[in-house]
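Here the structure is laid out as structure tokens; the discussion comes afterwards.
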Amino acid sequence: MTKKLKVSIITGALLGIICIIGGGIRMGYSGSGLYLFALWYNRLIMGILIGLTKMKPGVNGLIRGGFFGFIVSLAFYLSTGMTDLISFLAGIIYGVIIVAAARKFE
């Protein structure tokens with residue numbers, strides 16, 4: 001496992017915790033444990049996907065991270081009946097953040 005992959009997974013997991021906090025505040029923590037876990041897992045998968053891909057230097061790599069964030073978050077967004085727009089948009093931004101963090105170790 002490369003250092004870049006480890007950083008991507010850890011960054012995705014940490015951003016997932018932020019999503020759990022935000023989702024819990026918005027939706028309430030009671031009775032939404034599976035939803036919040038799925039939100040965290042979505043960010044973890046995003047970290048794995050980005051960690052396994054080759055990143056281009058410059059803005060192109062950040063755009064690719066946003067695209068991967070879009071693709072991975074779209075699956076979650078569609079599964080919620082397109083009701084959680086904030087988490088979907090955050091996923092795109094988190095894709096860029098994961099690329100920026102992982103880029104330091106590529």
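The values are calculated or read from the model by the stated rules, or taken from the named source; none is laboratory data. Everything quoted here is computed from the prediction, not taken from an experiment. In this analysis, Cβ positions are derived from the backbone assuming ideal geometry, glycine residues included, and neighbour counts consider all displayed protein chains.
Quick notes
- In this entry, Ile45 is excluded by the filter for residues that are in contact with a Lys or Arg (Cβ under 9 Å, 6 or more places away or on another chain), farther than 17 Å from Arg103 by Cα and at pLDDT 90 or above.
- Among the criteria (1) without any contact (Cβ under 8 Å) to a residue 40 or more places away in the chain; (2) surrounded by 13 or more Cβ atoms within 10 Å (Cβ to Cβ); (3) in contact with a Phe, Trp or Tyr (Cβ under 8 Å, 6 or more places away or on another chain), the one Trp40 does not fulfil is (3).
- The range 15-32, subset surrounded by 16 or more Cβ atoms within 10 Å (Cβ to Cβ) and within 14 Å of the chain's Cα centre (by Cα), residue nearest to Ala102 (Cα to Cα): Leu15
- The range 51-68 residues that are closer than 15 Å to Tyr94 by Cα and modelled with pLDDT of 90 or more, paired with ones that are in a helix (DSSP H, G or I) and of a type in the set (D, E, K, R) (beta carbon under 7 Å, 6 or more apart): Gly51/Lys4; Gly61/Arg103
- Ser79 being at pLDDT below 95 and either surrounded by 19 or more Cβ atoms within 10 Å (Cβ to Cβ) or over 26 Å from Met1 (Cα atoms) (or both): yes
- Of residues in the range 1-12 being part of a helix (DSSP H, G or I) and either loosely packed, with under 15 Cβ neighbours inside 10 Å or on the phi > 0 side of the Ramachandran plot (or both), the one farthest from the chain's Cα centre (by Cα): Lys3
- The range 33-59, subset small (Gly, Ala, Ser) and within 24 Å of Lys104 (Cβ to Cβ), residue farthest from the chain's Cα centre (by Cα): Gly58
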